[in-house]
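Read the figures in this text as sums done on the coordinates, not as results from a lab. Note that the structure is a prediction, hence the values are computed from the model and not measured. Cβ coordinates were reconstructed from backbone atoms using ideal geometry, including for glycine residues, and neighbour counts include every protein chain displayed.
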Amino acid sequence: MGRILALDYGTKRTGVAVTDELKMIASGLKTVETLELLNFLNTYFQDENVERVLVGEPKRMNDMPSESEVHIQEFLKKFSEMFPEMPLERVDERFTSKMAVQTMIDSGLKKKKRRDKALVDEISATIILQTWLYK
């Protein structure tokens with residue numbers, strides 16, 4: 001059985017989350033500098049059995065794509081060229097950053113730690129993955 005990997009893509013850094021092999025638990029893996037993302041994925045796919053990748057789809061409240069979608073489309077094209085056999089799905093990521101910050105507050109993280117954008121991205125990727133798992 002393979003894992004499901006989720007990405008909260010950003011122009012500077014990308015949050016990464018992954019399931020266990022039974023696809024029951026979603027866990028934050030790390031945050032990767034976006035310029036290194038394809039290299040990271042290449043190494044990860046060699047080391048782990050990944051059966052599907054989820055990429056957050058940022059939308060506005062009127063269901064139109066957000067301005068960051070242009071950058072995501074560029075990434076998706078490169079991803080598909082580099083990993084043509086890897087199934088890829090999009091998952092609505094509206095409010096994931098706000099949910100991530102609220103999760104940090106609820107878990108008792110200090111204000112200084114909640115300012116860590118890399119941690120917010122990792123938690124956002126986990127929320128994207130949970131959204132897909134529990135739909």
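Below are the figures for this structure:
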read-out	value
Backbone HN-Hα couplings from phi across region 43-60 [Karplus 6.51/-1.76/1.60, Hz, Gly and Pro as x]	5, 5, 5, 6, 8, 10, 8, 10, 9, 6, 10, 10, 10, x, 10, x, 10, 7
Gained length - E51 relative to S80, 0.36 nm times residue gap less alpha-carbon distance	9.0 nm
Computed lengthening from L22 to N62, 0.36 nm per intervening residue step minus Cα-Cα distance	10.8 nm
Normalised alpha carbon radius of gyration of region 26-69 [divisor 2.2 N^0.38 Å]	1.48
Table column - 3J(HN,Hα) (Hz), region 22-27, Karplus curve with 6.51, -1.76, 1.60, x for Gly and Pro	7, 6, 10, 10, 9, 10
Per residue Cα convex hull volume in Å³ - calculated over region 45-90	79
Cβ-based exposure ranking for S124, S27, in which fewest neighbours within 10 Å come first	S27, S124
For the chain, convex hull volume per residue from C-alpha positions, Å³	114
Least to most buried among I123, I72 (fewest other Cβ within 10 Å first)	I72, I123
Taking L22, L35, L29 and counting other C-beta atoms within 10 Å, the order from fewest to most	L22, L35, L29
Built amide H within the under 5 Å cut-off of R3, gap 5+	N49, V50, E51
